Amino acid sequence: MFSSHILCEVIMRMKKLGLCVPIFLFVVILSTPGVHAAGRTGVGFNASDIRGISGSVRLTGGGSFRLPDSIHSGGGFRCVETVDKGPFALSNHGEAGCQAGEGVRWDAKELLSSTAFKCFGADTAHTATTGGQTVVMKSDFYKASNGVHESFSDVPMIVSAVDLRPDLDGDQNVWISGVGCGSAIVHFSH
């Protein structure tokens with residue numbers, strides 16, 4: 001279970017960042033029946049600055065997963081600076097990238113056992129594996145202009161309670177393909 005102290009800290013930081021909708025989604029996901037069912041791992045996180053490859057993204061969310069292939073997760077996102085690389089190069093609707101100020105929400109599509117990732121363009125590839133403190137997934141991202149239709153599909157991402165790259169300065173707890181890595185407040189529960 002999420003401790004009330006951690007949940008309050010995450011919500012307060014989200015409020016400071018002006019993330020009202022993601023707070024609602026975060027609470028709804030955590031209160032969904034089955035999220036704390038046996039064998040599921042819960043996760044909640046808030047990342048205010050993911051960058052390194054292209055642009056900058058703010059990402060928040062929560063949910064749960066169960067190995068080997070079950071995930072229910074989602075939250076809010078915003079392109080703080082234009083992202084135009086990897087899966088964000090061209091939207092499903094033919095629009096160039098995710099422009100600064102765009103982005104509404106994301107939802108998990110598939111739990112992955114692992115994925116290769118780079119925090120910045122000239123970086124060497126590293127691998128993250130789904131487990132008790134890390135979740136690797138493919139997600140769909142939505143912009144308001146596309147309504148209920150995915151703007152960017154099958155985007156690999158990682159959320160981890162442990163530093164994905166201890167060799168780099170700061171903590172790298174979150175990664176989005178085409179964007180890069182960032183520090184986050186992350187909590188996993190079993």
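The values are calculated or read from the model by the stated rules, or taken from the named source; none is laboratory data. Because the structure is a prediction, the values reported are computed rather than measured. When we count neighbours, we look across all protein chains shown, and the Cβ atoms used for this are built from the backbone with ideal geometry, even at glycine. Just so you know, the surface numbers come from the protein's heavy atoms only, side chains and all, with ligands and any DNA or RNA stripped out. Shrake-Rupley method; radii C 1.70, N 1.55, O 1.52, S 1.80 Å.
Length gained on full extension, GLU95 to LEU67: 6.6 nm, using 0.36 nm per residue less the C-alpha separation. Amide H to amide H distances under 5 Å link LYS109 with LYS138, SER139, ASP140, where only residues 5 or more positions off or on other chains count and H is placed in the peptide plane. Other residues lying with their Cβ under 14 Å from the Cβ of ARG40 contribute a combined charge of 0, Lys and Arg counting +1, Asp and Glu -1. Computed from backbone phi, the HN-Hα couplings of segment 165-178 come to 9, x, 7, 9, 5, x, 8, 10, 9, 9, 9, 10, 4, x Hz, rounded to whole numbers (Karplus: 6.51 cos²θ - 1.76 cosθ + 1.60, θ = phi - 60°; Gly and Pro given as x). In the context of the full set of protein chains, residues of segment 58-137 present 44 Å² of accessible surface per residue (probe radius 1.4 Å, heavy atoms only).
Is segment 32-190 rounded, prolate or oblate when judged by the Cα gyration tensor, a ≥ b ≥ c being the square roots of its eigenvalues, rounded requiring a/c under 1.5 and prolate requiring a/b larger than b/c? The partial results should precede the final answer.
Working: a/c = 1.77, a/b = 1.20, b/c = 1.47.
Cα axes put segment 32-190 in the oblate bin.
Going by accessible surface with a 1.4 Å probe and the largest first, ARG66, ARG40 read ARG66, ARG40.
With Cβ to Cβ distances under 14 Å as the rule, what net charge do the other residues near CYS79 carry (K, R +1; D, E -1)?
+1
Could you look at segment 36-190 and say what percent of its accessible area is carbon and sulfur, using a 1.4 Å probe and all protein chains? That share works out to 49 percent. Note on ASP154 and LEU168: the model spin-label points, each 7 Å out from Cα along the C-beta direction, lie 2.5 nm apart. Binning all Cα-Cα separations of segment 93-160 at 10 Å, short to long from zero, yields these whole-percent fractions: 19, 41, 33, 7. Karplus-based coupling profile of segment 146-158, in residue order and whole Hz: 9, x, 7, 8, 4, 8, 9, 10, 6, 8, x, 8, 10, with θ = phi - 60° in 6.51 cos²θ - 1.76 cosθ + 1.60 and x standing for Gly or Pro. When the surface is traced with a 1.4 Å probe over the full set of protein chains, HIS190 keeps roughly 140 Å² accessible.
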